[in-house]
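Worksheet: one structure, shown below.
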Amino acid sequence: MTNKNPLKNRKKVAILLFFGTILLLVVFAGRIAFIMVKGEVNGEDLSQNLDNLYTRSSILEANRGTIYDVGGESVAMDATSYSLVAVLTDEWSNPDEPQHVIDKKKTAEILEKHISMSKEDILTTLNQKGLSQVEFGEAGKNLSFDTKKSIEEENLPGLVFEETPTRLYPNGIFASHLIGYAALPSGAEDDTATKAKSSTDLTGMMGIELAYDDILKGTDGKTIYQKDSFGYVIPNSKVETTEPENGDDIYLTIDKRMQVYMENVMSEIDEKYNSAMVTATLMNPETGAIIATSQRPTFNGTTKDGIDQLWQNLLVENTYEPGSTMKILTLAAAISEGVFDPNAYFQSGVKMISGIPIHDHNPAGWGTISYLEGLARSSNVAFANLMEKMGPDAWKEYMNAFGLGQTTNSGLANEAKGSVAFDYPLEQANTAFGQGLTVTAFQMLQAFTAVANEGQMMKPQYISKFVDSDTGKETIVEPEVVGNPITKEVANQTLSYLKEVVYNEKGTGVDYQIDGYEIAAKTGTAELVNPKTKKYYSGGTDYIYSVAAMAPADDPKVLLYITVQQPEIKDGSIAGSGVVKEIYHPIMKRALEYLSLGEEEDAETNTVKMPKVTGIAKEEALKSLEDTQLNVTVVGNGDTIVQQLPLPEETTIENQRVVLMTNGAMTMPDMMGWSKNDVLKVSEITGLEFTFKGEGYVVSQSLEPNANMQGTNKITIELETPQG
């Protein structure tokens, strides 16, 4: 029977509701108690969330370390670049102040003047459908402050700029594969979620920037402070600060003046002969310090122009057969073993080993000649004989002692160790004159130092010191002796005999003489394997031409090693070795003269010691030079001096031109009336190439005064000699 008493039913419901409410309150109270004790909900820390709600932090940016040349001139430094963005949507625009592109055609016509993109391509980009904003590819990235400012002055609505940390290489092409470059990781520029905020996001991609990335990279700091619900800082609240740690600075062994000069010579030769690969390295054999080094193909560190031609650092990554420059080491080993008698005779031309002929470069030979003449003429037969007299085991020990077949532990990425084919008598003989083994330029340079440095073999060194940019503490990189493959007496004898190559009228190096200096040298012509046929090329200029030269011969202070692979000599006007000579002469002569600077002074000339003005404000620098009687020119529109010429502490004379470069965009000075030497100072400090027409003083320049020099491939200067 159904209960039809409504009052009784209501009481039951009320009782259920009462006890249900009590139960809920108990559960709720228990949950609150649990939260109060544990301080978390669903695994989330409530106190942390509260702190986050009322806590703010800001990043204190650290700087990536600067790379300097040996004299303190900036080679790589932090900078800010800009990416151009065009807003297409009118969603956020104000009719009175439009925030989007209004006139696309006009915008394209004006932008064409400022970025490397045609107005047609710009217009195509601006006419894309369904996008709220667009970028302009590589043409719109890495823009300088000067370019950004110029675009802003056009007052085009809808154009905005995004700041990006970048790395500036103010000298352009400047030992680029050795120094390398640092950049944002792939995608970091384009991904707004991971947009880089400081230079600590820059990562070394190549060369020293990659090898010493951990040393150069800084660590950002942070400031943590309390704010109220309106976002204002709470007075007297606790502020926690972690100071940023800037990356360490690196000082190279490279001398900027020699490096820029070498790059100019190499660019001229590259344009003239378009060789497959070229290297030139100038070293101090007493310390192993690299004074200057260059390769072709190369690239511009800032713009990356040319980088896709070749990624290899030819100094350490490329292996090749050394050819007859190897005979320097064979000669030293033969002298050490007591088997080189300069006055003994042998039959030149051809030698049979295991039924296979070894030929001199003159297959008919020169008859019976002395071993000294064989050295001068670069006879393969002579050196095959010397290897036999030493014995293959002894010769192999010398090759090991000279570091062949081993890396130099340069610290640079992908260093190759080369190879030595030495199983059979023919292979053993071939190595004596530079065939059948492969080497790197660093290996050869290291081995040559033993001959040039009294038997002590020096590790190639490209860093002189590390400097803590926060404390100034210096860590000097000391010269490192990595072996003593020969004695001092043997080294000196080897140098003496190598002079025969240069000063014997029959020598292959007679064209390497330099007036006023005695040179010890050895030339080389190495065969190349055709990758298609797997056999050596025959004829033409399909060789690697080289020279290793040491000067002064009695006590070498410089070692210059040059290799030129497959130069294009279409008219046959010179031999392939002639290209080597065109590189060698200006560089070796400049190096020897540079070392002799300051030996003689004109007592009647008022000299001035150049003060250090880099790193200070432009106005302060100019003021400090007011009383020096020097003619000062500033390149660039920045506010801080980053480079100077002459270098600090160098002696110059009154009224000579001083060139200062700022951290802003490089601007072309008015050169009217300048001497050629003055123009070359600007070339040296900017790393840009100048072409000269005529002699005398400047009467015209292809780039207008105050124009932006960056991105300019070549500047032509016309000179005339004053009449009367």
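The values are calculated or read from the model by the stated rules, or taken from the named source; none is laboratory data. Note that the structure is predicted; figures quoted are calculated from it, not measured. So basically every Cβ, Gly included, is an ideal-geometry build from the backbone, and we count neighbours across all protein chains shown.
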Considering every residue within segment 129-150, establish whether at least one is at pLDDT below 90, outside the structural domain of Gly301 (by TED's automatic domain parsing), of a type in the set (S, T, N, Q) and touching a Gly at 6+ places or on another chain (Cβ under 9 Å).
-> yes
Return the only residue of Thr563, Thr525 being hydroxyl-bearing (Ser, Thr, Tyr), surrounded by fewer than 24 Cβ atoms within 10 Å (Cβ to Cβ) and not in a loop (DSSP other than H, G, I, E, B).
-> Thr525
Counted residues, segment 421-445 - those being acidic (Asp, Glu) and either in a loop (DSSP other than H, G, I, E, B) or in contact (Cβ under 8 Å) with a residue 12 or more places away in the chain (or both) | 1
Residue in segment 269-282 that is within 18 Å of Pro460 (Cα to Cα), at pLDDT 95 or above and not assigned by TED's automatic domain parsing to the domain that holds Gln565 present = no
Close pairs from segment 285-297: first among the charged types (D, E, K, R), partner assigned to a loop (DSSP other than H, G, I, E, B), Cβ under 6 Å, at least 6 apart | Glu286/Asn453
Of all residues in segment 566-583 being at pLDDT 95 or above and either touching a strand residue (DSSP E or B) at 6+ places or on another chain (Cβ under 6 Å) or more than 21 Å from Glu263 (Cα to Cα) (or both), the one that is surrounded by the fewest Cβ atoms within 10 Å (Cβ to Cβ) | Val579
Checked segment 684-696 for anything at negative phi and buried (at least 19 other Cβ atoms within 10 Å of the Cβ); matches are Glu684, Ile685, Thr686, Leu688, Phe690
Counted residues, segment 478-502 - those being under 28 Å from Arg377 (Cα atoms), in contact with a strand residue (DSSP E or B) (Cβ under 6 Å, 6 or more places away or on another chain) and β-branched (Val, Ile, Thr) | 2
Could you tell me whether segment 459-482 includes any residue that is closer than 23 Å to Ala334 by Cα, modelled with pLDDT of 95 or more, of a type outside the set (Ser, Thr, Tyr) and in contact with a helix residue (DSSP H, G or I) (Cβ under 6 Å, 6 or more places away or on another chain)?
-> no
Just give me the residues in segment 329-358 being within 29 Å of Ala413 (Cα to Cα) and touching a Ser or Thr at 6+ places or on another chain (Cβ under 7 Å), in sequence order.
-> none
Out of (1) surrounded by fewer than 15 Cβ atoms within 10 Å (Cβ to Cβ); (2) more than 30 Å from Ile208 (Cα to Cα); (3) not charged (D, E, K, R), the odd one out for Gly472 is which?
-> (2)
Could you tell me which residue of segment 338-386 is farthest from Lys488 (Cα to Cα), considering only residues that are among the charged types (D, E, K, R) and crowded, with 17+ Cβ neighbours inside 10 Å?
-> Lys351
Just need a number here: residues in segment 463-484 that are out of contact with any Gly (no Cβ under 9 Å at 6 or more places or on another chain), within 19 Å of Val558 (Cα to Cα) and assigned to a loop (DSSP other than H, G, I, E, B).
-> 1
Among the residues of segment 509-547, write down those that are within 19 Å of Asn274 (Cβ to Cβ) and either outside the structural domain of Pro285 (by TED's automatic domain parsing) or acidic (Asp, Glu) (or both).
-> Asp542
Exactly one of Glu44, Glu97 is over 30 Å from Gly247 (Cβ atoms), exposed (fewer than 11 other Cβ atoms within 10 Å of the Cβ) and either in contact with an Asp or Glu (Cβ under 8 Å, 6 or more places away or on another chain) or at pLDDT 80 or above (or both), and that one is Glu97
For residues in segment 492-522 being in a helix (DSSP H, G or I) and charged (D, E, K, R), which is nearest to Val558 (Cα to Cα)?
-> Lys499
Consider Gly411 against the criteria (1) buried (at least 17 other Cβ atoms within 10 Å of the Cβ); (2) within 27 Å of His177 (Cα to Cα): it satisfies all of them except one. Which criterion is unmet?
-> (1)
Would segment 598-606 turn up any residue that is more than 22 Å from the chain's Cα centre (by Cα), surrounded by 14 or more Cβ atoms within 10 Å (Cβ to Cβ), not assigned by TED's automatic domain parsing to the domain that holds Ala175 and not in a strand (DSSP E or B)?
-> no
Could you please let me know if Val451 is in a strand (DSSP E or B), of a type in the set (A, V, I, L, M) and within 23 Å of Leu329 (Cβ to Cβ)?
-> no
Residues of segment 303-322 classified as part of a loop (DSSP other than H, G, I, E, B) and at pLDDT 95 or above, total = 12
Can you name the condition, by its number, that Thr241 falls short on among (1) closer than 20 Å to Lys581 by Cα; (2) among the hydroxyl-bearing types (Ser, Thr, Tyr); (3) not assigned by TED's automatic domain parsing to the domain that holds Ser546?
-> (1)
